[in-house]
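Take a look at the structure set out below.
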Amino acid sequence: MPSIRTLQTFLTTARLGSFAAAGQEIGLTSAAVSLQIRMLEQELGVNLFDRNARSVVLNSEGRQRVPALKDLVDRWHRVQALPGQGELGGTVVMGALVSALVGAFADALWTLKRNNPALEVTLFAGQSADFMGRVERGELDAAVVTQSPTRLTASLKWTPLYSEPMVLIAPTRPHFPLPESALQMLAQCPFMRFDRRTWTGHLVNEALAQCRAQVVEGLELNSVEAIVELVRQGFGISIVPQLANLAWNRDKTLKVVPLPRVTVERHVGLLERRRHGREAVTRALKDHFGKARRSGGARPK
């Protein structure tokens with residue numbers, strides 16, 4: 001009977017369409033991947049891929065077997081996730097917004113790892129929109145992302161974890177005249193905009209629309225952390241989510257200014273498939289945030 005590792009190698013090769021690419025992702029040589037696939041084909045009595053000199057392509061026999069083999073791997077992960085006495089174990093592969101890693105999610109992840117030393121976490125930082133496809137394809141078990149501005153596919157679900165208000169930030173030592181009011185700042189000061197193509201960028205647009213502000217366009221970046229640092233250095237102002245667990249009100253280089261008429265918030269949550277092999281881990285993360293909300297709305301620690 002083929003091992004779970006061999007089935008994982010098959011699923012990775014089917015997804016990437018290359019022995020070399022699959023080997024690079026899972027830490028094997030192309031020859032080792034080819035050998036595992038050949039042994040699996042011999043065990044099943046069918047060819048799973050059509051091969052030529054440049055690539056391997058999943059054939060009809062292979063496509064028919066992907067769902068069943070993926071289900072076997074997911075079932076194994078469910079068994080692996082509980083090594084004993086309710087402790088979580090095995091490996092979970094997750095994506096997360098960079099800003100979440102310096103906020104509330106970092107605390108939750110630390111607590112989960114401390115309470116479950118047998119659990120191994122592989123974490124990728126990135127953007128929400130990029131993670132959606134990777135979760136859907138099974139490359140990631142889950143991802144901490146901003147709520148999507150569009151409807152999710154039927155295979156995915158998103159659970160809210162915490163919310164962050166959109167605020168105006170300004171430097172305490174600007175390289176430009178800084179008016180007193182938020183609307184005057186937006187109208188007169190260089191504006192550091194979060195990439196408008198991203199999900200957080202959509203929220204910035206909503207906030208500007210709610211306060212009916214026109215801005216002096218400056219730089220456009222795709223990192224909250226980079227924007228905050230440039231504002232600290234006095235190069236502009238910005239509208240960003242007020243990151244959970246960071247005390248910007250005690251930052252001597254930064255002013256946090258309320259935005260008139262703005263109610264939009266960034267809702268951060270857990271994106272996962274409706275069925276997957278690491279549901280015990282994602283359930284533990286969601287429980288962590290749920291307990292924090294039930295305790296009176298305090299941010300998770």
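Helices (runs of 4 or more DSSP H) wholly in region 1-59 with at least 3 residues that are of a type in the set (Ser, Thr, Tyr) - which ones?
On the way: elements: 4-16, 19-26, 30-44.
Answer list for region 1-59: 4-16.
Considering region 160-200 alone, what residues qualify as being assigned to a loop (DSSP other than H, G, I, E, B) and within 30 Å of residue 144 (Cβ to Cβ)?
Here is the first cut: in region 160-200, the ones assigned to a loop (DSSP other than H, G, I, E, B) are 172-181, 189, 195-198.
Matches in region 160-200: 195, 196, 197, 198.
Any residue at all in region 272-287 that is among the acidic types (Asp, Glu) and over 30 Å from residue 135 (Cα atoms)? Working first, answer last.
The first filter runs over region 272-287 and keeps only residues among the acidic types (Asp, Glu), leaving 272, 279, 287.
When the remaining residues are screened for being over 30 Å from residue 135 (Cα atoms), the result is none.
No, because not a single residue in region 272-287 is among the acidic types (Asp, Glu) and over 30 Å from residue 135 (Cα atoms).
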Could you grab the pairs with beta carbons closer than 8 Å, sequence gap of 6+ or different chains, first residue in region 99-113 and buried (at least 19 other Cβ atoms within 10 Å of the Cβ), second one in a helix (DSSP H, G or I)? 99/224; 99/225; 100/106; 104/289; 108/285; 108/288; 108/289; 109/285
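Listed here are the residues, each with its yes/no results for (1) at pLDDT 90 or above; (2) exposed (fewer than 14 other Cβ atoms within 10 Å of the Cβ); (3) touching a strand residue (DSSP E or B) at 6+ places or on another chain (Cβ under 6 Å).
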| position | (1), (2), (3) |
| --- | --- |
| 16 | no, no, no |
| 57 | no, yes, yes |
| 71 | no, yes, no |
| 85 | no, yes, no |
Sort out which residues of region 242-262 are surrounded by 18 or more Cβ atoms within 10 Å (Cβ to Cβ) and farther than 21 Å from residue 174 by Cα, and write them in order of number. 243, 244, 262
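Test of understanding: among 203, 243, 270, 259, which residue is assigned to a loop (DSSP other than H, G, I, E, B), touching a residue at least 12 places away in the same chain (Cβ under 8 Å), touching a Ser or Thr at 6+ places or on another chain (Cβ under 8 Å) and not β-branched (Val, Ile, Thr)?
On the way: 203 fails: assigned to a loop (DSSP other than H, G, I, E, B); 270 fails: assigned to a loop (DSSP other than H, G, I, E, B); 259 fails: touching a Ser or Thr at 6+ places or on another chain (Cβ under 8 Å).
Step by step, each of 203, 243, 270, 259 is checked, and only 243 is assigned to a loop (DSSP other than H, G, I, E, B), touching a residue at least 12 places away in the same chain (Cβ under 8 Å), touching a Ser or Thr at 6+ places or on another chain (Cβ under 8 Å) and not β-branched (Val, Ile, Thr).
Consider region 207-235. How many of its residues are in contact (Cβ under 8 Å) with a residue 60 or more places away in the chain, touching a Pro at 6+ places or on another chain (Cβ under 8 Å) and assigned to a loop (DSSP other than H, G, I, E, B)? Reasoning before the result, please.
First, the residues of region 207-235 that are in contact (Cβ under 8 Å) with a residue 60 or more places away in the chain: 222-225, 231-235.
Then drop every residue that is not touching a Pro at 6+ places or on another chain (Cβ under 8 Å), which leaves 224, 231-235.
Subset that is assigned to a loop (DSSP other than H, G, I, E, B): 233-235.
The qualifying residues number 3.
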Members of region 32-75 found to be touching a helix residue (DSSP H, G or I) at 6+ places or on another chain (Cβ under 7 Å), among the polar types (S, T, N, Q) and within 15 Å of residue 11 (Cβ to Cβ), listed by number: 36
Look at region 198-220 and say how many of its residues are over 18 Å from the mean Cα position of the chain (by Cα) and either within 24 Å of residue 130 (Cβ to Cβ) or assigned by TED's automatic domain parsing to the domain that holds residue 130 (or both). 6
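The values are calculated or read from the model by the stated rules, or taken from the named source; none is laboratory data. Nothing here was measured: the structure is a model prediction, and the numbers come from that model. Cβ atoms come from the backbone with ideal geometry, glycine included; neighbour counts cover every protein chain shown.
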